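Engineer: Supplied in C-alpha cells, the structure appears directly below.
Read-outs: derived from the displayed coordinates by stated rules, not from any lab. Given the structure is predicted, the values throughout are model-derived calculations rather than measurements. Please note: Cβ atoms are built from the backbone with ideal geometry, for glycine as well, and neighbour counts cover all protein chains shown.
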Amino acid sequence: MAIDFNADQNRMGLALLAAAGPSARPMSFGQRMFMGMGQHDQYLREKEAQEMLRKRQATQELLIAAQMQEMQAQAEQRRAQTAALERERALQEQFRSRIPSPLGQANQQAYAASGAPLGTVKAAAHQPQVDPNEQLMFEAMRLGQMTPLQYMASRQKDDTPMVLGEGGRLVTRGGRVLAENPKAPKEDSEAAFLALVYGKDTPEYFAAMKDLAKKKTTHAPAATAISYGSPVPVQLSGGGVGYAQPGNRPGAAPQMMVGPDNKPMQKPPEPEKPLTEGQAKAMTFSSRMLAADKTLATLSRKGTDTSIPGSRADYGVGAVVNMFSPPEQQMLDQAKRDFINATLRRESGAVISPAEFENGDKQYFPQIGDSRLVKEQKAQNRRIAIEGIRADVPKAMQPEVERISNGGVTDDDPLGLRGRR
C-alpha cells in the first residue's frame, strides 16, 4: 500500500520520524519537524521539475519525428515525380524515334512510284513537294523543343467549314471561299409591326398590307377607325414590352398605348426571384474561398506560402507548433482550412476526413520543395475551383460575392494600385 506524503497527517508522521533521528547539531523538536517537512517539499519540487522536463523532451521528440516523417514523405514524392518524368521522357523518346520525317516520307513515295534510286532524274520526277514548315517542325520535335503529340497535332489538316454571320462568307481555315452569304433584305418596319399584331399570312394581315401599299403609292388618306379591344403586347425598339390596340376593322392601323408623358406604356419588369438553396450555398462557399485566396496571395507576396511541418500533427504536437508560429503562419493555416472546408463541403456535403483534408492541401497549396511553375499551377487550380462554384451564383449577385469576400467592403481598387509608391 503506497503512502501519500502530500496528506497532512502523513506529512506530520514524516516530520516526527525526522525529528526522532540523530542530528549533528543540537536543535529543538519543532526545528527538527520543520526541517523534515521542508526536505519533503524540496523533494516534491524536484520531482515535479523532472516530470516537466520529461514531458518537454517527449514533445520535442514527437515534433522531430513528425518533421522527419514529413521530410521523408516529401522526398518520396519528389522521387516518384522524378521517376514519372523519366518514364514519360523515355516513352517520348521511343515514340519520337518512330515518327518518320516529311522528307523521308517524300523519298519513300518517290521510290515507290518510280522504282528508281533516290537522286536520279526519274525519282525526282515523282518526288512530292515537302512543306518546309513541316520539316522544320519535325526537326524541332526531334531536338526536344516540342513533344511528339504537339508535333502530330500541328500536322492535322482542318478543312472544317466555318459559318460566318449574315453578309459574310463560308470559308475554310485556309482561307478558301466556299460560298457567299448575302445580307437578307431588310423587312419594312410597318409590315413587321402588322405581322406582329395580326399574325403573318392571315386575311387581316393581307388586308392591312394592301391598305399600307395603297397609302404608300397613292398617298390616299387612311381610313379613320376607332381603336378598341384588348391591348396586344409588342416588343419596343428601345427594349422592353409595350402595348398596342388593334383597329376596329381590317386595314385600320393599330395604335400604341401611351402614358401621360406621351411615351409608350411598358410592362413592369418581373420582380427578382429569391436565391435557391443551391445558389445561396454557392454564394457562401465562393465568398469564403475568394477571401481565403486573397489572404494567401497577400501572404505569398510577403514570403509566406508554405506551412511549418508538423502544424497539423496529432498528440498535441500541432498545438505546440501553432503556439510558437508567427502570426503570418497562423493566418496561412487558417486561410487554407477555410478554402479546403468550403471546397469539400460544397462537393460532398459530408464530414471531411483527415485524408481528404491532406489531399486538398497538396492539391491547392504550395508544399516545401515545389517549383515556381507548380506553385503557379496550384494558384490556377484555386481560381478554377472558385469560378466553378461561383458559376452557380446569379449574375446580379456576383458583386455581392466580391463585397463579402472583402469583409463587407466594396473593392474599388481590384488591381491593388492604390497606396503604391
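Engineer: Over 25 Å between C-alpha atoms is what I'm after, so list which of K302/K375; K294/K395; K294/K362; K302/K336; K200/K263 land there.
Structural biologist: K200/K263
Engineer: If you don't mind, another one. For the stretch 102-154, calculate the relative contact order in percent as a whole number, restricting contacts to Cα pairs under 8 Å that are 6 or more residues apart.
Structural biologist: It comes to 30 percent, rounded to a whole number.
Engineer: As a footprinting exposure proxy, order K378, K214 by other Cβ within 10 Å, with the fewest listed first.
Structural biologist: K214, K378
Engineer: Give me the one-decimal nm value for the distance between modelled label points at K302 and I384, 7 Å along each residue's Cα-to-Cβ direction.
Structural biologist: 3.0 nm
Engineer: Okay, moving on. Taking 7 Å along the Cα-to-C-beta vector as the label spot, tell me the V374-Q60 distance in nanometres, rounded to one decimal.
Structural biologist: Between V374 and Q60, the label points sit 3.1 nm apart.
Engineer: Residues of the stretch 373-409 with amide nitrogen under 19 Å from the 7 Å Cα-to-Cβ point of E277?
Structural biologist: 392-394
Engineer: For V234, list long-range residues whose amide hydrogen, built 1.01 Å from N in the peptide plane, is under 5 Å from its own amide hydrogen.
Structural biologist: For V234, whose amide H was placed from the backbone, the distant partners under 5 Å are G242, Y243, A244.
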